[in-house]
Amino acid sequence: MSQISGKVVIITGASSGLGEATARHLAARGATLVLAARRKTRLDALANEIIAAGGKALAVAVDVTRRNDVEAMVDAAITEFGRVDVLVNNAGLMAIAPLSATRVDEWERMIDINLKGVLYGIAAVLPVFEQQQSGHFINVASVAGLKVLSPGGAVYSGTKFAVRAISEGLRYEVGAHIRTTIICPGAVDSELKLGTSDRESVKFVEAFYQQAIPADSVARAIAYAIEQPAEVDINEIVLRPTQELY
């Protein structure tokens, strides 16, 4: 039997892209899914699809920039399924623009979603994991968290460097019973590429994403980390299109 079967997995940003692909992939492997995002209609459709195929899923409307929403998401998972085994912190925003454009509102939005959203998830789930003496954090960073995406990605890279730093600190602090994994994708087909509003940067992003690989590439990486025996912790996975130079 798969190590994934029966595990209760929360996925943020589950209404599209990497989150949606991961939900489908894990559901097919027997996981119980808590699907979280702002677009409840899309979540409901995905949950119904999983349930119709014989799986278990719960859709919860969540804005990860709101701590109360994230706490309510975890409470809903506990109420419905009795536990949480994995949290996939996937929700993200990539708004590429040069610093000289001073798009401060977009900087703040990226910090709120990419960084504070991850921290809110950790804060809400860590006490559950500690009580259970088991659990798995999977934080989606980026190759832009390994080196600065340039031109235009200084703030985005800053948030993803921070996710990696926080995840590594978390790994060190949580002890022997809780696992942590950082997923660092390169160009993957998702709505992430649509977050840029700067006209010149849009051209760069569109060209960069011509090489994108399917979202289920990341889903398989996440499944690989989850399905390892409890004593094996896959700490970081970096995956790119074979042709990607960045």
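For segment 52-85, how many residues are part of a helix (DSSP H, G or I), touching an Asp or Glu at 6+ places or on another chain (Cβ under 9 Å) and of a type in the set (Val, Ile, Thr)?
Start the filter on segment 52-85 by keeping residues that are part of a helix (DSSP H, G or I), which leaves 52, 67-81.
Okay, now just the ones that are also touching an Asp or Glu at 6+ places or on another chain (Cβ under 9 Å), so 69-70.
Then drop every residue that is not of a type in the set (Val, Ile, Thr), which leaves 70.
The total comes to 1.
Just one of the numbered conditions (1) open to solvent by less than 40 Å² (accessible area, probe 1.4 Å); (2) outside any loop (DSSP other than H, G, I, E, B); (3) of a type in the set (Gly, Ala, Ser) is not true of ALA97; which one?
(2)
For ARG179, which of the numbered conditions (1) out of contact with any helix residue (DSSP H, G or I) (no Cβ under 7 Å at 6 or more places or on another chain); (2) outside any helix (DSSP H, G or I); (3) open to solvent by 50 Å² or more (accessible area, probe 1.4 Å) fails to hold?
Single failed check for ARG179: (3).
Can you tell me which residues in segment 5-31 are among the hydroxyl-bearing types (Ser, Thr, Tyr), more than 18 Å from LYS193 (Cβ to Cβ) and surrounded by fewer than 24 Cβ atoms within 10 Å (Cβ to Cβ)?
Result: SER5, single match.
Per-residue answers, yes or no, for (1) out of contact with any strand residue (DSSP E or B) (no Cβ under 6 Å at 6 or more places or on another chain); (2) touching a residue at least 60 places away in the same chain (Cβ under 8 Å); (3) within 13 Å of ALA57 (Cα to Cα):
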{"position": "SER2", "(1), (2), (3)": "yes, yes, no"}
{"position": "GLY6", "(1), (2), (3)": "yes, no, yes"}
{"position": "VAL9", "(1), (2), (3)": "no, yes, yes"}
{"position": "THR12", "(1), (2), (3)": "no, yes, no"}
{"position": "LEU18", "(1), (2), (3)": "yes, yes, no"}
{"position": "ALA21", "(1), (2), (3)": "yes, yes, no"}
{"position": "LEU26", "(1), (2), (3)": "no, yes, yes"}
{"position": "LEU33", "(1), (2), (3)": "no, no, yes"}
{"position": "ALA37", "(1), (2), (3)": "yes, no, no"}
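So is ARG171 more than 17 Å from MET110 (Cα to Cα) and either open to solvent by 20 Å² or more (accessible area, probe 1.4 Å) or in contact (Cβ under 8 Å) with a residue 40 or more places away in the chain (or both) or not? Working first, answer last.
Numbers: more than 17 Å from MET110 (Cα to Cα): yes; either open to solvent by 20 Å² or more (accessible area, probe 1.4 Å) or in contact (Cβ under 8 Å) with a residue 40 or more places away in the chain (or both): yes.
Yes: the conditions hold for ARG171.
Please find, among GLU80, GLU71, GLU108, the residue that is under 20 Å from ALA27 (Cβ atoms), open to solvent by 60 Å² or more (accessible area, probe 1.4 Å) and either out of contact with any helix residue (DSSP H, G or I) (no Cβ under 7 Å at 6 or more places or on another chain) or in contact (Cβ under 8 Å) with a residue 12 or more places away in the chain (or both).
The conditions single out GLU80.
Taking segment 187-219 only, how many residues are open to solvent by 50 Å² or more (accessible area, probe 1.4 Å), touching a strand residue (DSSP E or B) at 6+ places or on another chain (Cβ under 9 Å) and part of a helix (DSSP H, G or I)?
Within segment 187-219, the subset open to solvent by 50 Å² or more (accessible area, probe 1.4 Å) is 189, 191, 193-194, 197, 199-200, 203-204, 206-207, 210, 214, 216.
In the following step, the residues that additionally are touching a strand residue (DSSP E or B) at 6+ places or on another chain (Cβ under 9 Å) were identified as 189, 214.
Those still in the list that are part of a helix (DSSP H, G or I) too: none.
Count: 0.
Take the residues in segment 150-165 that are open to solvent by 20 Å² or more (accessible area, probe 1.4 Å) and not hydroxyl-bearing (Ser, Thr, Tyr); name whichever of them is farthest from ASN139 (Cα to Cα).
The first filter runs over segment 150-165 and keeps only residues open to solvent by 20 Å² or more (accessible area, probe 1.4 Å), leaving 150-151, 154-155, 158, 161-162, 164-165.
The next check asks that each one be not hydroxyl-bearing (Ser, Thr, Tyr); those that pass are 151, 154-155, 158, 161-162, 164-165.
Working: PRO151: 25, ALA154: 20, VAL155: 18, GLY158: 15, PHE161: 12, ALA162: 11, ARG164: 8, ALA165: 11 Å.
Selected residue: PRO151.
Looking at segment 225-246 only, could you name the residues that are surrounded by 12 or more Cβ atoms within 10 Å (Cβ to Cβ) and over 30 Å from ALA207 (Cβ atoms)? I'd like the intermediate steps shown before the answer.
Kept after step one, since they are surrounded by 12 or more Cβ atoms within 10 Å (Cβ to Cβ), are these residues of segment 225-246: 225-228, 233-241, 244, 246.
Those that are surrounded by 12 or more Cβ atoms within 10 Å (Cβ to Cβ) and over 30 Å from ALA207 (Cβ atoms): ALA225, ILE226, GLU227, GLN228, ASP233, ILE234, ASN235.
Residues in segment 40-52: is at least one among the small types (Gly, Ala, Ser), within 12 Å of the chain's Cα centre (by Cα) and open to solvent by 10 Å² or more (accessible area, probe 1.4 Å)? Can you show your working first?
Narrowing segment 40-52 to residues among the small types (Gly, Ala, Ser): 45, 47, 52.
Next, only the ones that are within 12 Å of the chain's Cα centre (by Cα) stay: none.
No, the conditions are met nowhere in segment 40-52.
Regarding ALA91, is this residue out of contact with any Lys or Arg (no Cβ under 8 Å at 6 or more places or on another chain) and open to solvent by less than 40 Å² (accessible area, probe 1.4 Å)? Working first, answer last.
Values: out of contact with any Lys or Arg (no Cβ under 8 Å at 6 or more places or on another chain): yes; open to solvent by less than 40 Å² (accessible area, probe 1.4 Å): yes.
So ALA91 fits the description; yes.
Take segment 111-133 and flag every residue that is surrounded by fewer than 15 Cβ atoms within 10 Å (Cβ to Cβ) and either in contact with a His (Cβ under 7 Å, 6 or more places away or on another chain) or not small (Gly, Ala, Ser) (or both).
Just the residues of segment 111-133 that are surrounded by fewer than 15 Cβ atoms within 10 Å (Cβ to Cβ), to begin with: 123, 127, 130-133.
PRO127, GLU130, GLN131, GLN132, GLN133 - these are the residues of segment 111-133 that are surrounded by fewer than 15 Cβ atoms within 10 Å (Cβ to Cβ) and either in contact with a His (Cβ under 7 Å, 6 or more places away or on another chain) or not small (Gly, Ala, Ser) (or both).
The values are calculated or read from the model by the stated rules, or taken from the named source; none is laboratory data. Quantities reported herein were computed from a predicted structural model and do not represent experimental measurements. Glycine also receives a Cβ, built like all others from the backbone with ideal geometry; neighbour counts cover every protein chain displayed. Each accessible area value is taken on the protein alone, full model and side chains, heavy atoms only, with ligands, DNA and RNA left out. Shrake-Rupley method; radii C 1.70, N 1.55, O 1.52, S 1.80 Å.
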